[in-house]
Structure formats: structure tokens, C-alpha cells
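S.K.: The structure under discussion is supplied below as C-alpha cells; questions concerning it will follow.
The values are calculated or read from the model by the stated rules, or taken from the named source; none is laboratory data. These numbers were taken from a predicted model, which means no experiment stands behind them. Cβ: placed from backbone, ideal geometry, glycine included. Neighbour counts: every protein chain shown.
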Amino acid sequence: MNLNTLKSLFRFNKSDQAGILFLGLCLLIYLSVDYYYEPTTESKFFISTSEIEQYQRVMDSIKCLEEEKNRPKIYPFNPNFMTDYKAYTLGIKPEEFDRLKTFRARGSWVNSAKEFQNVTKVSDSILDRIRPFFKFPEWVKKRRHSAKKFVNEYINKMDLNTATLEDLQEVYGVGPVLGTRILEQRKRLGSFHDLNELQSVWGLNPEVIENIKERFEVATPREVKKMNVNAATASDIATIPGINFSLAKKIWEFVRVRNGLGELSELSKIEGITARKLQLIELYLFAE
């Protein structure tokens, strides 16, 4: 190919030149846009709109209500009788609960929320949460209002034979039902001879009886004529409050087999006679 032929390839008329110029401008514009423009893939979804905020508030409220519904309910209780499970549900640490058990094992009582914290060493946040549910006996509340009055009431115990239902219900653990049973038993007996006769009242556990003994005494006991267990019949023994005929027959047979007893404590070998039951029997029987 000679030089003339090569030059002929680059000869353009005005129309061709205009087209080439336009194509060059387009290419220049494309390269400029491609260089300076960076497309973004971020979403243009805005979550700060009032409708979405309102919806979020509704969802948060529903969540709070559901959590409150599933949270274990706390009922008023005396912290002196707290169980391991109760302590666990309240968020009290094992070592804190152990301090309370050790304190109670010495026969001591906590009578205020502050004293409970001093014994257990629970945090202020835990105490503030459970303090409203503490329920102490009425006499503790009275002591807070008037220490002098409390001392007089504590030293001068009330006679159980003159106590009313309202008086009995001031004892922690005694409600209308148990209080009525105590009064009905007093009516059946004529009057109480000894506080241990409370063991013949159905439903009174040892802790409640001890609480009653702290507030009451038998100042006007009825007269009781004790029976010789070695001479008593099964029918005689069955007259003891809290002893049914079946147990009375076991006692009578036990005495006959041994040709008499030297001490009443031997009755503890009989099935069904606990230490509490023996205390009750000792009010009515003697061995001779």
C-alpha cells in the first residue's frame, strides 16, 4: 500500500467529521461520569418515621406486659420462715441465706428489714425490692410504736383461757380458722390446763404453738386428775384430748405386755407416739 492510498483512508467530508466529533464528546462525557460518580447500594429506608416509632412503642409495651405476667408473684411473708426455694426466687444468694439460717438456728429472730440486711448482707437493691413484702407479727409492729408498751405486753402474758379470737389472731400463723379451733377446743375442755394441750388442736404446727407460748400463758388452769397408766383402761386413756381409741388401745396393750411401766417415757417406743404426743400424755398419766 503506497502513501497516497493510506492518505485516502483519512479523508473525511464535513458530515463524517461532525460524526467523529460527536462520538468523541460522548466518549469524553461517559469517561468523566464513570470516574467521578460512585453508585451506592445503601437502602433509603428510614426507620425514624412517626408510624414506625409508634409501632415500636406498642411492641415494647406488649413485651413488658408479657414479662410481668411470667414473673413469679411475691406474696407477703415473714422472712424468719423463708425457705431455700423462696430465697432462690427472690434472688438471694446461697451464702446470704445460709447466714439467715445460722442466725435462726441460734433461736434469734429478725424483726425489721434493716435487721434482715444486717444478718444476710443482701445488697440495697435486693432489699428495696423485697422489703414491701415483709410481714412481721403484730407484736413486732407494736414494739416499733411503743417499746414500753411492748415490754409490758411481752412480760405480762395474756391468759389463754380468756383470750378472744382477735387476741389469738395477733399471733403470727394463727388466722380465723386456727383461732376458732383453739376456742372450740377450750370450750370442749372447759378451759386449758397447760399450753401443751394446744397439741390436740388439729392443724397447729410446732412453730405456731411456740409463737402462741410467747404471747400467752395458762393463768387459770383447770384441775386435772392424773391417771396411773398401769391401772388405766383403754377407755380411760381414750379420754385424753388428742388420743383416739385406737392409740389408747395400743398404749393399754403395751402396758399389759410389759406388766406395767416404770416411766412414761417408755411409751415413745409405740408407733404413733411422738415427743409432742408424749408431752400431751404426761399431762394426764403417770407411771407407778
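S.K.: I'd like to check something: does segment 219-226 contain any residue that is under 22 Å from Arg188 (Cα atoms) and either aliphatic (A, V, I, L, M) or part of a helix (DSSP H, G or I) (or both)?
M.R.: Going residue by residue through segment 219-226, those that are under 22 Å from Arg188 (Cα atoms) are 219-226.
Retained after the next criterion (residues that are either aliphatic (A, V, I, L, M) or part of a helix (DSSP H, G or I) (or both)): 219, 224.
For segment 219-226, residues under 22 Å from Arg188 (Cα atoms) and either aliphatic (A, V, I, L, M) or part of a helix (DSSP H, G or I) (or both): present.
S.K.: Please verify whether Ile270 is surrounded by fewer than 18 Cβ atoms within 10 Å (Cβ to Cβ) and under 39 Å from the mean Cα position of the chain (by Cα), treating the condition exactly as stated. Walk me through how you get there before you give the answer.
M.R.: Details: surrounded by fewer than 18 Cβ atoms within 10 Å (Cβ to Cβ): yes; under 39 Å from the mean Cα position of the chain (by Cα): yes.
So Ile270 fits the description; yes.
S.K.: Has segment 207-217 got at least one residue that is in the same structural domain as Leu165 (by TED's automatic domain parsing), in a loop (DSSP other than H, G, I, E, B) and either of a type in the set (Val, Ile, Thr) or closer than 15 Å to Ala163 by Cβ (or both)?
M.R.: no
S.K.: Of (1) assigned by TED's automatic domain parsing to the domain that holds Ile281; (2) touching a His at 6+ places or on another chain (Cβ under 9 Å), Arg222 satisfies all except one. Which?
M.R.: (1)
S.K.: Of the residues Leu264, Leu247, Leu283, only one is closer than 15 Å to Leu198 by Cβ and surrounded by 14 or more Cβ atoms within 10 Å (Cβ to Cβ); which? Even if it seems obvious, please write down each step before you answer.
M.R.: Values: Leu264 fails: closer than 15 Å to Leu198 by Cβ; Leu247 fails: closer than 15 Å to Leu198 by Cβ.
Criteria check complete, one pass: Leu283.
S.K.: Next up: Looking only at residues that are loosely packed, with under 14 Cβ neighbours inside 10 Å and assigned to a helix (DSSP H, G or I) in segment 111-132, which one is nearest to the chain's Cα centre (by Cα)?
M.R.: Looking at residues that are loosely packed, with under 14 Cβ neighbours inside 10 Å and assigned to a helix (DSSP H, G or I), I get Pro132.
S.K.: Continuing with this model, one more query. Of the conditions (1) of a type in the set (A, V, I, L, M); (2) at pLDDT 85 or above; (3) more than 26 Å from Leu100 (Cβ to Cβ), Val171 clears all except one; give me its number.
M.R.: Against the list (1) of a type in the set (A, V, I, L, M); (2) at pLDDT 85 or above; (3) more than 26 Å from Leu100 (Cβ to Cβ), Val171 comes up short only on (3).
S.K.: Shifting gears a bit: Would you check if Tyr55 is surrounded by fewer than 10 Cβ atoms within 10 Å (Cβ to Cβ), farther than 21 Å from Lys135 by Cα and modelled with pLDDT under 75? Spell out how you get there, then give the answer.
M.R.: Numbers: surrounded by fewer than 10 Cβ atoms within 10 Å (Cβ to Cβ): no; farther than 21 Å from Lys135 by Cα: yes; modelled with pLDDT under 75: yes.
No, not satisfied.
S.K.: Just name the residue that is farthest from the chain's Cα centre (by Cα) out of those in segment 174-191 that are within 30 Å of Arg104 (Cα to Cα) and crowded, with 19+ Cβ neighbours inside 10 Å.
M.R.: Within segment 174-191, the first condition is being within 30 Å of Arg104 (Cα to Cα), and the residues that meet it are 174-182.
Still in the running and crowded, with 19+ Cβ neighbours inside 10 Å: 174, 178-179, 182.
Values: Val174: 19, Leu178: 22, Gly179: 24, Ile182: 27 Å.
Checking each candidate, the answer is Ile182.
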